[in-house]
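Take a look at the structure below.
The values are calculated or read from the model by the stated rules, or taken from the named source; none is laboratory data. The structure displayed is predicted, hence computed values, not measured ones. Quick reminder, even Gly has a Cβ in these numbers, built from the backbone with ideal geometry, and neighbours come from all protein chains shown. All accessible areas refer to the heavy atoms of the entire protein, side chains included, with ligands and DNA or RNA removed. Shrake-Rupley method; radii C 1.70, N 1.55, O 1.52, S 1.80 Å.
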Amino acid sequence: MKQIKTLALLTALGAIFACKAKQPHPDYVEITGKITNAKSEMITVYSMGGDNKKIKISENGTFIDSFKVKGGGSNYQLLLDKDKVMMRLYAENGANIHFEANAEDFMNTVRFTKDLADYNNYQSEKYRIISSDIGFNSKTWYRFNEAEFEEHVNTLRGALNTALNSYQNITDEQIKTENIFVERFIKNITSKYEKEHSFATKLDKGSVSPVFEDYENIDGSKTSLSDFKGQYVFIDVWATWCTPCKAQIPYLEELEKEYKDENIVFVSMSVDKPSDKEKWSKMVKDKNMSGVQILAPNATKSEFALAYNINSIPRFILIDPQGNIVDFDAPRPSNKEAIHKLLDVVKS
């Protein structure tokens, strides 16, 4: 009789624990984790289709939520807005995804555990490699001779392949996808070498700078590069539609104040379309933007933009008092250490 009661008790306890155990959820993803030192109150999960899910971060940094993946498995972007962090995430319905990170050094500290951990950890490592010292840097790679360039390409390809092969639990399909990405990424870099190297050679330090002549100034006058002969000229090529460009404006204005007593002039050259002239003019006046404000006459097809091979903005250029190039692809003003190192020449 005693044995029967004991068995009944164990059965009841088993039923209780079974109820409390994690239940399968084939129709959605559960995501949990902890982010320390986060300024953001939310994690926003963006699908490739544009849908998003907001996940609340508690005061102690933990979070737990769920979302449904269309098609069973897909890639997402995770954004911590105030921390300026964006990370790729792969998710499948039924998965329990868990990661932890320090928001102050997110990409170097993020670590996934539980389901799909290896693939998501590889995605993070891939980003770290591409962003590291061995990663592609258009400012320097295309200045190398062909042998040096190939050496850097092979080092990058090898690092990405080694990282991918170091994870065990990645499917054959995912490995195939990543190998295709690496080869396309490398091909995109190498296919531009001849053209970009030619520009980098022509625009190397000490070369005579291409010029601009009679570009429209915000005050209605005409401005040419020759107007600044005898001064260093720091040119910011930007546009009102370019968010990264606008993000640099406060840092640029800080530089202008810092170097106001030095032999340097700051020129902001907008490559807005002629049809957006009023939009450019309004923004410059409304924000009381400092420095010399000019509008390129034919946007990115203007002679100066073409001569400098400007295919992405913002772009920063430093020219010396004799009209020679100091740096045709200078650091952004927000990179304070690098930009101050470059502009030390102004004080010498």
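Taking into account only those residues within the stretch 134-168 that are out of contact with any helix residue (DSSP H, G or I) (no Cβ under 8 Å at 6 or more places or on another chain) and charged (D, E, K, R), which is modelled with the lowest pLDDT?
That would be 139.
Here is a list: 73, 33. Which entry is surrounded by 16 or more Cβ atoms within 10 Å (Cβ to Cβ) and at pLDDT 95 or above?
Numbers: 73 fails: at pLDDT 95 or above.
The conditions single out 33.
Residues in the stretch 181-191: is at least one part of a loop (DSSP other than H, G, I, E, B), of a type outside the set (Asp, Glu) and more than 22 Å from residue 317 (Cβ to Cβ)? Reasoning before the result, please.
First, pick out the residues of the stretch 181-191 that are part of a loop (DSSP other than H, G, I, E, B): 191.
Narrowing further to those that are of a type outside the set (Asp, Glu): 191.
Cutting the leftovers down to more than 22 Å from residue 317 (Cβ to Cβ) gives us 191.
Yes, the stretch 181-191 has at least one match.
Looking at the stretch 304-317, which of its residues are modelled with pLDDT of 95 or more and either of a type in the set (S, T, N, Q) or under 17 Å from residue 227 (Cβ atoms) (or both)?
Correct list: 304, 317.
If I filter the stretch 121-178 down to residues being under 24 Å from the mean Cα position of the chain (by Cα) and of a type in the set (Phe, Trp, Tyr), which single residue comes out as most open to solvent (accessible area, probe 1.4 Å)?
Selected residue: 127.
So which residues in the stretch 47-66 are in contact with an Asp or Glu (Cβ under 9 Å, 6 or more places away or on another chain), part of a strand (DSSP E or B) and not polar (S, T, N, Q)? Don't jump to the end; show me each part of the working.
Going through the stretch 47-66, the residues in contact with an Asp or Glu (Cβ under 9 Å, 6 or more places away or on another chain) turn out to be 53-57, 61, 64-66.
Add one more test, that the residue is part of a strand (DSSP E or B), and what stays is 53-56, 64-66.
The answer is 53, 54, 55, 56, 64, 65.
Against the condition exposed (fewer than 15 other Cβ atoms within 10 Å of the Cβ) and part of a helix (DSSP H, G or I), how does residue 205 come out, does it pass? Full working, then the answer.
Working: exposed (fewer than 15 other Cβ atoms within 10 Å of the Cβ): yes; part of a helix (DSSP H, G or I): no.
So residue 205 does not fit the description; no.
State yes or no: is residue 318 in a helix (DSSP H, G or I) and not aromatic (Phe, Trp, Tyr)? Give the steps one after another, and end with the answer.
Numbers: in a helix (DSSP H, G or I): no; not aromatic (Phe, Trp, Tyr): yes.
Answer is no for this residue.
Out of (1) touching a residue at least 40 places away in the same chain (Cβ under 8 Å); (2) more than 26 Å from residue 202 (Cβ to Cβ), what's the single condition that is false for residue 315?
Every condition holds for residue 315 apart from (2).
Yes/no matrix, rows are residues, columns are (1) basic (Lys, Arg); (2) open to solvent by less than 70 Å² (accessible area, probe 1.4 Å); (3) modelled with pLDDT of 95 or more; (4) under 22 Å from residue 329 (Cβ atoms):
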{"residue": "211", "(1), (2), (3), (4)": "no, no, yes, yes"}
{"residue": "216", "(1), (2), (3), (4)": "no, yes, yes, no"}
{"residue": "223", "(1), (2), (3), (4)": "no, yes, yes, no"}
{"residue": "228", "(1), (2), (3), (4)": "no, yes, yes, yes"}
{"residue": "242", "(1), (2), (3), (4)": "no, yes, no, yes"}
{"residue": "260", "(1), (2), (3), (4)": "yes, no, no, no"}
{"residue": "270", "(1), (2), (3), (4)": "no, yes, yes, yes"}
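One line per residue, one yes/no per condition, for (1) closer than 29 Å to residue 243 by Cβ; (2) assigned to a loop (DSSP other than H, G, I, E, B); (3) hydrophobic (A, V, I, L, M, F, W, C):
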residue	(1), (2), (3)
71	no, yes, no
74	yes, no, no
82	yes, yes, no
91	yes, no, yes
99	yes, no, yes
125	yes, no, no
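Confirm whether residue 275 is among the small types (Gly, Ala, Ser) and open to solvent by 90 Å² or more (accessible area, probe 1.4 Å).
Values: among the small types (Gly, Ala, Ser): yes; open to solvent by 90 Å² or more (accessible area, probe 1.4 Å): yes.
Yes; evaluated as a whole, the condition is true for this residue.
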